[in-house]
1. Mind checking which residues of region 96-110 are open to solvent by 10 Å² or more (accessible area, probe 1.4 Å) and hydroxyl-bearing (S, T, Y)?
2. Name the single residue, out of those in region 244-281 being at pLDDT 95 or above and among the basic types (K, R), that is most open to solvent (accessible area, probe 1.4 Å).
3. Answer with yes or no whether N234 is more than 20 Å from I204 (Cα to Cα) and more than 16 Å from the ligand (Cβ to nearest atom).
4. Out of N214, N160, which single residue is modelled with pLDDT of 95 or more, open to solvent by 30 Å² or more (accessible area, probe 1.4 Å) and within 16 Å of the ligand (Cβ to nearest atom)?
5. Go through (1) within 16 Å of the ligand (Cβ to nearest atom); (2) in contact with a strand residue (DSSP E or B) (Cβ under 6 Å, 6 or more places away or on another chain); (3) open to solvent by less than 20 Å² (accessible area, probe 1.4 Å); (4) farther than 24 Å from K329 by Cα and name the single condition Y241 misses.
6. Between residues in region 246-266 that are under 14 Å from A292 (Cα atoms) and away from the ligand (no atom under 11 Å from the Cβ) and residues that are of a type in the set (D, E) and open to solvent by less than 10 Å² (accessible area, probe 1.4 Å), which pairs lie under 9 Å by C-beta distance while being six or more apart or on different chains?
7. Out of region 208-234, which residues are outside any helix (DSSP H, G or I) and farther than 15 Å from V321 by Cβ?
8. Any idea how many residues of region 315-334 are of a type outside the set (D, E), touching an Asp or Glu at 6+ places or on another chain (Cβ under 7 Å) and not in a loop (DSSP other than H, G, I, E, B)?
Amino acid sequence: EIKKFVASIGITLDRFISQRQQEFPYAKGELSQILRDIGLAAKVVNKAIMGSGLIGIEGPAGERNVQGEEQQKLDVVANMRFIRALTKGQEVCAIISEEDEEMIDTGNHEAKYIVAMDPLDGSSNIDANVPIGTIFSIYRRKSPVGTPPTTEDVLQKGANQVAGGYVLYGSSMILTYTTGYGVNGFTYDHTIGEFILSYPNMKIKELGSIFSYNEGNYNDFSEGTKAYLTYCRNQKYTARYIGSLVADFHRNLLKGGIFFYPATSKSPNGKLRLLYECNSLAFVIEQAGGKATDGKRRILDIEPHDIHQRSPLIIGSSAMVDDVMQFIKNEQFH
Ligand code: P6P
């Protein structure tokens, strides 16, 4: 076992995907190609991020994206890079991006897959040199191959994902994804320009001791949520919040913990996006043995009605998510 484990550590992303081909019985390499396209775009985006301080692309681009948020130049660069890589890879017929109001028809109408992505989440942190991330989900299209993609193709619940994951651009670049057969993390090795398997078969602790939320929203929280936060303090848990979803999520996945972004007065439906933030991370966390809910329902069961809809998100160690849900339930009886 040890020998196999040690041998598996040095494997590249490409080799890993090829070896795991049997996970996609119906695909003849298309899904593998999309994962490779994502890895390629991530390398290009990482290079842009590493150099952004020098070539002045970390400042606001002056435009605003569909969310009305100041669009940082790197957002634009990342969005364009992922769209270009996925379009050229020819395996994706439509893309949903946080940066684009409408669904993007790639023109690859023979392609069988859809990608929903946040090309660069946490971009307001870029100029503070805080880790940022790309979040993605991959679905099989519903409409017939050879026809233009439809809204029905992109408004699918998270449980339909064939793959989901994220890229973390931090002290190192890490690509973590699942295809429904466990979670694997790859660290980028600059010396050879490859992602190397560094976190095989990731599992989150059933009970962690980190809790992550924006304290500034505390007064907006429900009594049940507040009661749970008091419980965390009484348990002497550690409060950790970076304000960059992928960085907070990845730390909790590795160390055990819970992240939540409930509905607030400013974001009555929650702040995070269902299609390309909550669903992707919910798929990963469930495959790693954790849970993800909006406070009422399993995230992956939510039927989307709009490509940019938001959702409250409670995600992390299963025992901690169960505890929050218990506190929320108890609140209903008081
Ligand atoms: P707040 C970053 O802008 C982001 O979309 C996520 O990466 C992060 O988790 C969240 O917003 C932080 O939001 O309201 O706490 O600043």
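1. The one that is open to solvent by 10 Å² or more (accessible area, probe 1.4 Å) and hydroxyl-bearing (S, T, Y): T106.
2. K255
3. Values: more than 20 Å from I204 (Cα to Cα): yes; more than 16 Å from the ligand (Cβ to nearest atom): yes.
When the stated conditions are applied, N234 passes them.
4. On the way: N160 fails: within 16 Å of the ligand (Cβ to nearest atom).
Of the residues listed, the single one that is modelled with pLDDT of 95 or more, open to solvent by 30 Å² or more (accessible area, probe 1.4 Å) and within 16 Å of the ligand (Cβ to nearest atom) is N214.
5. (3)
6. Correct list of pairs: G257/D248.
7. Correct list: N214, F221, S222.
8. 2
The values are calculated or read from the model by the stated rules, or taken from the named source; none is laboratory data. The structure displayed is predicted, hence computed values, not measured ones. With ideal geometry, Cβ positions are generated from the backbone for all residues, glycine too; neighbour counts draw on all protein chains shown. When the accessible area is computed, the model is the full protein with side chains, heavy atoms only, and any ligands, DNA or RNA have been set aside. Shrake-Rupley method; radii C 1.70, N 1.55, O 1.52, S 1.80 Å.
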